[in-house]
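What follows is a single structure, written as structure tokens, with notes after it.
Nothing in this text is a laboratory measurement; each read-out follows from the coordinates by a stated rule. Please read these numbers as outputs of a predicted model, since none were measured by experiment. Don't worry about glycine lacking a Cβ; one is built from the backbone with ideal geometry, like all the others, and counts go over all protein chains shown.
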Amino acid sequence: MSLSLTGRLLLLATAACTLLPLPALAAPDQAVMTLASQHKQPLLDTLKQLVNIESGNGDREGLDRISQVIFDRLKALGGEVESKVAISLKLSPATLARWKATGPGWQTRMANILRESV
């Protein structure tokens, strides 16, 4: 079996990543561990609440409930949270193509322009 140069380089890089010792990643950061310990129970309570919400594929009501729990938790922590609403919008193919041609994030740019125009 003969490997191309790219294949050999990939194999070498993979071996180097798996064989090199990574002591910095193995040592826990005490400040992070202390903070995690202090917030363990609230985190577990939130996790329990989330997993107890029925939210199978396409279950809009369940997904909305999960979204609301996360929204409320982030607000309670002092976060700036903005929710969005999924809508259906009919555009001409040419208009849609022009927006998509602006690249990733075109929906956000469109929403910003709409928000500024009202």
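Condition check for SER55 on (1) exposed (fewer than 10 other Cβ atoms within 10 Å of the Cβ); (2) outside any helix (DSSP H, G or I): one failure, at (1).
Confirm whether LEU74 is surrounded by 10 or more Cβ atoms within 10 Å (Cβ to Cβ) and touching a helix residue (DSSP H, G or I) at 6+ places or on another chain (Cβ under 9 Å). Taking the combined requirement at face value, the residue does not satisfy it.
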